[in-house]
Amino acid sequence: LVKKNEFDLWPMASLTKLMTASIAFENIDLNSKILITEKSASQLSNTLFKMGEYYSAMDMIRASLISSNNTSAFSLAESFGYEKFINLMQQKANFLGMKKTVFFDPTGLSSSNKSTVLDFEILANYIYKNQKEILDITSEKVAEIKEIASGSIKTLHTTNIFAGEEYFIGGKTGYTTEAQGNLFSIFKAGNKLLLSIVLGSTSRFEDTQKIYILGLRKLLGLSASR
């Protein structure tokens, strides 16, 4: 319905974790134990996990998608074999036809992770058709995960203000200084779906809300000025 600068390369930030989750679902036993190592625990902004803890791979996926936790995303790649995991992310992007997309880490902390709006549209279609569980996870507002050895429960809080809303199917936030605000969202729009991809915004949620309202009006045949 609306496109602007859709060919421009832009740092992905934590939108990277959508591909991280996709690769983890396809290549890692979701019940396997993931160790929080010293390196993974030291990832930027980690206040949730401690070195030596164990969690299921599924809980690591949930933490990376809901709370956008960098330690959990890093741990998934590390448990599989870090370089092999990154190579699979790149291979998957190439296979899907995401021609301009490049991956250098599983978290999005690297500004070298870059993509375009059009490439993310391809990934959105793939995830919606083949890995809907990723979107289901991202639609959760609050969730709990369990540390395996102690049995202690930790609470995840979403980074996405749309999570929990009835019209929100799923999406992912992203932010770094270089990328600014990124936001990937899929909404219900009547009996159709509306995909919004915002990169480099200083007000990503507000911009996305405007796109959703505009798209909803167009899909319902209403005047945009009404």
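The values are calculated or read from the model by the stated rules, or taken from the named source; none is laboratory data. Values in this document were obtained by computation on a predicted structure and should not be read as measured data. Cβ sites come from the backbone with ideal geometry, for glycine too, and all protein chains shown count toward neighbours. Surface areas here come from the heavy atoms of the whole protein model, side chains and all, with no ligands, DNA or RNA. Shrake-Rupley method; radii C 1.70, N 1.55, O 1.52, S 1.80 Å.
For the reader, a short list of remarks on this structure follows.
- Of all residues making up region 132-168, the number that are aromatic (Phe, Trp, Tyr) and buried (at least 18 other Cβ atoms within 10 Å of the Cβ): 2
- Answer residue from region 51-84, given it is part of a helix (DSSP H, G or I) and of a type in the set (D, E, K, R) and is nearest to Leu18 (Cα to Cα) among those: Arg62
- Across region 169-178, a minimum of one residue is classified as within 21 Å of Val117 (Cβ to Cβ), buried (at least 16 other Cβ atoms within 10 Å of the Cβ) and touching a Pro at 6+ places or on another chain (Cβ under 9 Å).
- All positions within region 26-48 that are touching a residue at least 60 places away in the same chain (Cβ under 8 Å) and under 18 Å from Ala143 (Cβ atoms): Leu48
- Tabulated pairs, region 169-195, first in contact (Cβ under 8 Å) with a residue 60 or more places away in the chain and at positive phi, second crowded, with 18+ Cβ neighbours inside 10 Å and of a type in the set (Gly, Ala, Ser), C-beta under 8 angstrom, 6+ apart or interchain: none
- Qualifying positions in region 137-160 - among the hydrophobic types (A, V, I, L, M, F, W, C) and either modelled with pLDDT under 95 or over 14 Å from the mean Cα position of the chain (by Cα) (or both): Val142, Ala143, Ile145, Ile148, Ala149, Ile153, Leu156
- Any chance Gly215 is touching a strand residue (DSSP E or B) at 6+ places or on another chain (Cβ under 9 Å), open to solvent by less than 40 Å² (accessible area, probe 1.4 Å) and either within 30 Å of Ser110 (Cβ to Cβ) or at pLDDT 95 or above (or both): no
- Residue pairs meeting the criteria (Cβ under 6 Å; at least 6 apart or on separate chains; first among the hydrophobic types (A, V, I, L, M, F, W, C), in region 150-163; second assigned to a loop (DSSP other than H, G, I, E, B)): Leu156/Ser67; Ala163/Ser139; Ala163/Lys141
- Qualifying residues in region 106-123 (those that are open to solvent by 10 Å² or more (accessible area, probe 1.4 Å) and in a loop (DSSP other than H, G, I, E, B)) - the one nearest to Ala179 (Cα to Cα): Ser111
- Complete set of residues in region 8-56 that are among the hydrophobic types (A, V, I, L, M, F, W, C), open to solvent by 80 Å² or more (accessible area, probe 1.4 Å) and more than 20 Å from the chain's Cα centre (by Cα): Met51
- Of all residues in region 1-37, none satisfies the criterion of being at pLDDT below 95 and of a type in the set (Ser, Thr, Tyr).
- Of all residues in region 87-105, those satisfying the criterion of being open to solvent by 10 Å² or more (accessible area, probe 1.4 Å) and assigned to a helix (DSSP H, G or I) are Asn87, Leu88, Gln90, Gln91, Lys92, Asn94, Phe95, Leu96.
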